[in-house]
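Engineer: The structure that follows is given in the form of structure tokens.
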Amino acid sequence: MTQVNRLKQGGRIDRSRPLKFVFNGQQYAGYGGDTLASALLANGVDIVNRSFKYSRPRGIVAAGAEEPNAVVQLGATEAAQVPNVRATQQALYQGLTARSTNGWPNVQRDLMGMVGKLSGTFMPPGFYYKTFMAPASLWMTYEKYIRKSAGLGRSPAEPDPDSYEHINQHCDVLIIGAGPAGLTAAVTAARNGARVIFCDEQEEMGGSLLDSRELIDDMPAAQWVDRILDELSSLSNVTLLPRTTANGYHDHNFVTLHERRTEHLGDSAPTGGRRQARARLHRVRASQVVLAAGAHERPLVYANNDVPGNLLAGAVSTYIRRYGVMPGQKLVLSVTNDHAYRTALDWQEAGCEVVAIADARANPKGELVEKAQSLGIRIIAQSAVIEAKGSNRVSAACVAKIDADSFSVVGRVEELACDTIASSGGYSPVIHLSSHTGTRPLWRDDILGFVPGEVKGLTATGGVRGVYPLHEVIRDAADAGVRATLAAGVKTHAEATTLPQVAARQDGEACALYQVPHRKPSMRAPKQFVDLQNDVTAAGIELATREGFESIEHIKRYTAMGFGTDQGKLGNINGMAIAARCLKRTIPEVGTTVFRPNYTPVTFGAIAGRHCRDLFDPERYTALHQWHVEQGAEFEDVGQWKRPWYFPRTVNGKKETMHEAVSRECLAVREHIGILDASTLGKIDIQGPDAREFLGRVYTNKWAKLDVGRVRYGLMCKDDGMLMDDGTTSCLGENHFLMTTTTGGAAGVMEWMELWHQTEWPELDVYFTSVTDHWATMTVTGPDARKLLAEITDIDLDKDQFKFMDWREGTVAGVPARVFRISFTGELSYEINVQANYAMHVWKTLFEHGEKYELTPYGTETMHVLRAEKGLIIVGQDTDGSVTPEDLGMQWAIGYDKPFTWIGKRALSRPDTRRADRKQFVGLKPKDAKVVLEEGAQIVLDPNQSIPMAMVGHVTSSYYSPTLGHGFALAVVKGGHQRMGETVYLPMVDGTVYEAEIVSPVFVDPKGERQHV
Amino acid sequence: MFHIYCPYCEEHREEEEFHPKGQAHIQRPVDPEACSDEAWGDYLFFRDNPRGIHHELWVHAVGCRKFFNITRHTVSYEILETYKMGEKPSITAADLSEKDKQAGVQAASGGWQTVGARPESEALNKEARA
Ligand SMILES: [Zn+2]
């Protein structure tokens, strides 16, 4: 358990806080302030994973979000499992337990490699493309291998004990990234009075300054960071969010920030007192965004550049200076720019050997170059590492003189013994977030990288827009801070604060190098990896271009470059450069791929927040809900409503099945009396002098002569003539109506009427108010309904005074009520409406008086059976947006002669709506009385035709009728109205073919006498 | 997620409060009975799908319940203006700057997911070299 690679001193780790952790079953030690990656390097762990396709050993390459290899599965217990965690971003904590995700069966042994090697073509470039283009069976063959070998982790099988939160935030200026640019912009905006949110994805704010060699105001950069952070945290207009990744940049400066609040403390949130949220998703609407995301160093692409011990130059410096870790003993550095020289200086200062610096430039010069020279470090000009030697760890670097223009090795190859190769091919601005907005990045030849395109409300500053020297970054960022503050409309004097002093460093010009030439052509050289996570090689990209893929988007899909969870943060530009070379174009001509949210993976917990389990969707309860619960009702979701589905009784200790309960409830209604909680029906109060005219325009039938006290059933169509909703509307007064809608359609109908009123007929004087929740509705229905209601109302129920489709006002159980004689069962029915807060009292009173009539509560299932027996439709079940009132046989409800062309009328005379073979609404009676047809079953006329059969319709509703003693169904059948008495066939999946007769959809009481008694 | 200024509430509110209702300024023919089947079909089913300026009908569904119009750029998603029912847009496709027209706005050039050499890139690089 010795940390063999830990430096005796230095770094920002807390040596007084030793920590133990487990990786792949082995115990290791680290310190507070370590990341899992720095701790693994400190312990000399070279291999952290096996590669995706070739199963090659892989080590840590980077120190941040761009890490492609060190992706682990985290969690000591099943419930705590987190897949797809980058070790470079995971803070170490006591007892941290992690595994390699690609380690099947073991990172140290190479089983998958055997598969790869034995069948060299197991996953050639274009594998995905070819697999998906081939017949489906090929995917079936490969899937299990791919899933097993390539899984980037697994989700936990047990419930997550943690909670997560969403927070809506607003600010003047959101600053993303807390490096030198972000810090300067933040402090400038804050001092000028802007409301600032300042986020950074790392454990500590400071970015590159935390491992910088430079001085700011004559103090070490990290000390300046502390001073600025102290100031910012003292300001009330600043919200500091460390450990917070800006993951998505959406429309109109809406940015989602993923804050990890406890993931540096343990597997799940600490439980002392109230359990705090493990993560927060901040939904920030920023007036202005300052993007200070910096740049990622670009590795060079050379042969065997994936062998453990190949790192990014900057990552090596970070590990040495920030974590006190030496990733090796003997370094060869391969660079294209001055800045990377700092790695050699850091390495040598830490007491280890720099074997050589291979510099691709013919004549490197600049302050850092001179410093290296003065320290006696060997610099080999116009050269690069063309190949790494070693299998489980680098053992040597092959360095040769190269000519980038002719893409060839021009000198002899020198093999330098070393254990570490660090490379730097320049820097790629982190343009991901700006790209989320859809803006196209712009290529700049002078910095050899893409910079963000223009986004309204966005100011990019520092490395992300290609400004690299520290003194320029600070000037640029101070300016950005002022501009963003002013653009946000903050009233400020906008005094440019005094800029901190930074010595201007003289750097030599960088050169362009992406793939390093090899003595052999790419196709035959050892593998030169471009995308380490997806095992995409330079040869693979070359092959793609030779197979005719020219657009980078196609090349990407062909090779799977950038498809990993790292989204190709390291490899994309190199891949494009290689494609450009092969196609003899420039990089901007080849293009860049579009980045999409999220920047780094976000846990489902953070995305869901509190919107899970009971809070996933709002639940609506009627005023009688508690009674239903106490009666043991089973519930059904209807939209957001919880409605009683049926009320199973327990008879002799045995609970009724649904079939038994529904049969009992149905017969109770047909034989004596039942009661339904119908409160969920949508109710819209319509008032105004033009209310009647308006109804005439939105309903298909006539409303001109409906008297006060009368009720009418209406059909509502869209202007294409298709039925959208139905319900009853009662005339409460000359200018006052109450409309009911389907339970699910209430909000839509309300918006529909507002649409027509506000956009087409604003001259109509009419007002709509939703009163769904104000009124509870109780339907008493059955032959004994009048007798029961008479006991508790002062309303005259005489059958000639209070007729079917009348409504009356009075009291029921002593409270004000509106009673509607409407029937959805075909029986004598009264719908009692009372204020919702009186409902329970009325309901209980009804049961007190109803006991002698065996008053039976019934639920939605019985309601469905009873209405279907009467051939009454349910919009959305028996109709699907392609059914006209005529298709339903409801010509009686269409007022063709109304003066105004009501919504839907004109479309009913289009050729398509007049076709004789439209699917029409009919009843189906199965020939076998025991059969209940399947809803959705397809109907054919000839059961003996060959597949594919001509389908002429389908079953829309199907039940067993306890009243009739047989199954029955409603259906739509082509030309069905002319097919009464014909036999149709319903072939089922299992080969059974049911026979049924087309009949009228009204199965019970065809003359409709029972509801009129 | 859009940030929408409701011209009736006179406030910016989150998109969650609004419902999009399709293309704006689609007028129902005054005399539907006099419409040919084709004209009625056009009214019912055919809508523009411009790359660039688009006028849309929205409703502040869980706010003031008022319908209003938005002029939106379908490429940048920028909301250029919102205006009340019965008002005319002040920004139309005809107002597009020459630059936008050259850049292919309003032309179904497609392929915008891929970055090609753009005039801006060239200008930028000339500047950088100078
Ligand atoms: Zn509003």
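The values are calculated or read from the model by the stated rules, or taken from the named source; none is laboratory data. From a predicted model like this one, the values you see are computed outputs, not experimental measurements. Reconstructed Cβ throughout: ideal geometry from the backbone, glycine too, with neighbour counts over all protein chains shown.
Engineer: Of everything in segment A:916-931, what is in contact with a Gly (Cβ under 9 Å, 6 or more places away or on another chain) and either in a loop (DSSP other than H, G, I, E, B) or assigned by TED's automatic domain parsing to the domain that holds A:Glu693 (or both)? Give them in sequence order.
Structural biologist: A:Ala916, A:Asp917, A:Arg918, A:Asp928, A:Ala929, A:Lys930, A:Val931
Engineer: Something else now. Regarding segment B:90-99, can at least one residue be identified that is modelled with pLDDT of 90 or more, closer than 30 Å to A:Pro441 by Cβ and away from the ligand (no atom under 14 Å from the Cβ)?
Structural biologist: Yes - at least one qualifying residue is present in segment B:90-99.
Engineer: Then there's this: Only residues in segment A:428-444 that are in a helix (DSSP H, G or I) count as the first member; pair them with residues that are basic (Lys, Arg), Cβ under 9 angstrom, at least 6 apart or cross-chain, and list the lot.
Structural biologist: A:His432/A:Lys569; A:His432/A:Arg596; A:Ser435/A:Arg596; A:His436/A:Arg596
Engineer: Follow-up. For segment A:519-576, which positions are buried (at least 24 other Cβ atoms within 10 Å of the Cβ) and more than 34 Å from the chain's Cα centre (by Cα)?
Structural biologist: A:Gln528
Engineer: Could you check how many residues of segment A:605-661 are free of Cβ contacts under 8 Å to residues at least 24 places away in the same chain and within 25 Å of the chain's Cα centre (by Cα)?
Structural biologist: Adding up the residues that qualify gives 10.
Engineer: Right, next: Grab the strands (runs of 3 or more DSSP E) fully contained in segment A:220-325, keeping just those with 3 or more residues being closer than 16 Å to A:Ala178 by Cα and touching a helix residue (DSSP H, G or I) at 6+ places or on another chain (Cβ under 7 Å).
Structural biologist: A:279-291
Engineer: Under the condition of being within 16 Å of the ligand (Cβ to nearest atom) and facing chain A (nearest Cβ under 8 Å), which residue from segment B:19-39 is nearest to B:Phe2 (Cα to Cα)?
Structural biologist: Ranking the qualifying residues of segment B:19-39, first place goes to B:His19.
Engineer: Working only within segment A:433-446, note down all residues that are more than 7 Å from every other protein chain (Cβ to nearest Cβ) and closer than 15 Å to A:Met576 by Cβ.
Structural biologist: If the condition is that a residue be more than 7 Å from every other protein chain (Cβ to nearest Cβ) and closer than 15 Å to A:Met576 by Cβ, then A:Ser435 is the only one that fits.
Engineer: Okay, next question. Of the residues A:Ala221, A:Ala190, which single one is surrounded by 16 or more Cβ atoms within 10 Å (Cβ to Cβ) and within 23 Å of A:Ala484 (Cβ to Cβ)? Talk me through it step by step, then tell me what you get.
Structural biologist: Details: A:Ala221 fails: within 23 Å of A:Ala484 (Cβ to Cβ).
The conditions single out A:Ala190.
Engineer: Could you look through segment A:759-776, keep only residues that are surrounded by fewer than 18 Cβ atoms within 10 Å (Cβ to Cβ) and within 38 Å of the chain's Cα centre (by Cα), and pick out the one that is nearest to the other protein chains (Cβ to nearest Cβ)?
Structural biologist: By that ranking, first place goes to A:Glu760.
Engineer: Go through segment B:40-60 and count every residue that is over 21 Å from B:Gly86 (Cα atoms) and more than 10 Å from chain A (Cβ to nearest Cβ).
Structural biologist: Final tally of qualifying residues: 6.
Engineer: Evaluate the following for A:Leu209: is it within 21 Å of A:Ala460 (Cα to Cα), away from chain B (no Cβ under 14 Å), of a type outside the set (Lys, Arg) and more than 32 Å from the chain's Cα centre (by Cα)?
Structural biologist: yes
Engineer: If we only count strands (runs of 3 or more DSSP E) wholly inside segment A:572-677, which ones have 3 or more residues that are in contact with a Pro (Cβ under 8 Å, 6 or more places away or on another chain)?
Structural biologist: Strands (runs of 3 or more DSSP E) meeting the threshold: A:634-638, A:674-677.
Engineer: Whether any residue in segment A:916-933 is within 14 Å of chain B (Cβ to nearest Cβ), of a type in the set (Val, Ile, Thr), more than 12 Å from A:Pro885 (Cα to Cα) and in contact with a Lys or Arg (Cβ under 8 Å, 6 or more places away or on another chain) is what I want to check.
Structural biologist: Looking through segment A:916-933, none of the residues is within 14 Å of chain B (Cβ to nearest Cβ), of a type in the set (Val, Ile, Thr), more than 12 Å from A:Pro885 (Cα to Cα) and in contact with a Lys or Arg (Cβ under 8 Å, 6 or more places away or on another chain).
Okay, residues lined up against (1) within 19 Å of A:Ala478 (Cα to Cα); (2) at pLDDT 95 or above; (3) among the aromatic types (Phe, Trp, Tyr):
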| residue | (1), (2), (3) |
| --- | --- |
| A:Thr184 | yes, yes, no |
| A:Ala194 | yes, yes, no |
| A:Phe198 | yes, yes, yes |
| A:Glu201 | no, yes, no |
| A:Glu204 | no, yes, no |
| A:Gly207 | yes, yes, no |
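Engineer: Search segment B:40-65 for residues being within 16 Å of the ligand (Cβ to nearest atom) and over 24 Å from A:Asp720 (Cα atoms), and hand back the single one that is surrounded by the fewest Cβ atoms within 10 Å (Cβ to Cβ).
Structural biologist: B:Val62
Engineer: Moving on to the next point. May I ask you to verify whether A:Thr779 is assigned to a loop (DSSP other than H, G, I, E, B) and surrounded by 21 or more Cβ atoms within 10 Å (Cβ to Cβ)?
Structural biologist: Here the answer is no, as A:Thr779 does not meet what is asked.
Engineer: Could you list all residues from segment B:61-99 that are of a type in the set (A, V, I, L, M, F, W, C), within 10 Å of chain A (Cβ to nearest Cβ) and in contact with a Lys or Arg (Cβ under 8 Å, 6 or more places away or on another chain)?
Structural biologist: Within segment B:61-99, B:Phe67, B:Phe68, B:Val75, B:Ile79, B:Met85 qualify.
Engineer: Using the structure shown, decide if B:Arg13 is within 13 Å of the ligand (Cβ to nearest atom), within 11 Å of chain A (Cβ to nearest Cβ) and touching an Asp or Glu at 6+ places or on another chain (Cβ under 9 Å). Don't jump to the end; show me each part of the working.
Structural biologist: Details: within 13 Å of the ligand (Cβ to nearest atom): yes; within 11 Å of chain A (Cβ to nearest Cβ): yes; touching an Asp or Glu at 6+ places or on another chain (Cβ under 9 Å): no.
No.
Engineer: Follow-up question, since we're still on this one. If I ask for residues that are within 16 Å of the ligand (Cβ to nearest atom) and within 12 Å of chain A (Cβ to nearest Cβ), which ones from segment B:1-10 would you list?
Structural biologist: Passing the criteria: B:Phe2, B:His3, B:Ile4, B:Tyr5, B:Tyr8.
Engineer: Continuing with the same structure: Among the residues of segment B:69-84, which ones are under 24 Å from A:Lys456 (Cα atoms) and either within 16 Å of the ligand (Cβ to nearest atom) or crowded, with 20+ Cβ neighbours inside 10 Å (or both)? Give the steps one after another, and end with the answer.
Structural biologist: Residues of segment B:69-84 that are under 24 Å from A:Lys456 (Cα atoms), as a first pass: B:69-83.
Passing the criteria: B:Asn69, B:Ile70, B:Thr71, B:Arg72, B:Ile79, B:Glu81, B:Thr82, B:Tyr83.
Engineer: Filter segment A:577-606 down to residues that are among the β-branched types (Val, Ile, Thr) and within 12 Å of chain B (Cβ to nearest Cβ) and give me whichever is surrounded by the fewest Cβ atoms within 10 Å (Cβ to Cβ). I'd like the intermediate steps shown before the answer.
Structural biologist: Within segment A:577-606, the first condition is being among the β-branched types (Val, Ile, Thr), and the residues that meet it are A:578, A:586-587, A:590, A:592-594, A:600, A:602-603.
Narrowing further to those that are within 12 Å of chain B (Cβ to nearest Cβ): A:586-587, A:590, A:592-594.
Numbers: A:Thr586: 15, A:Ile587: 24, A:Val590: 26, A:Thr592: 23, A:Thr593: 22, A:Val594: 17.
Per the stated criteria, the residue is A:Thr586.
Engineer: Would you please name the residue that is farthest from the chain's Cα centre (by Cα), looking only at residues in segment A:15-25 that are closer than 17 Å to A:Leu96 by Cα and of a type in the set (D, E, K, R)?
Structural biologist: A:Arg17
Engineer: Could you check segment A:79-94 and list, in sequence order, the residues that are closer than 26 Å to A:Arg58 by Cα and in a loop (DSSP other than H, G, I, E, B)?
Structural biologist: A:Ala80, A:Gln81, A:Ala87, A:Thr88, A:Gln89, A:Gln90, A:Leu92, A:Tyr93, A:Gln94
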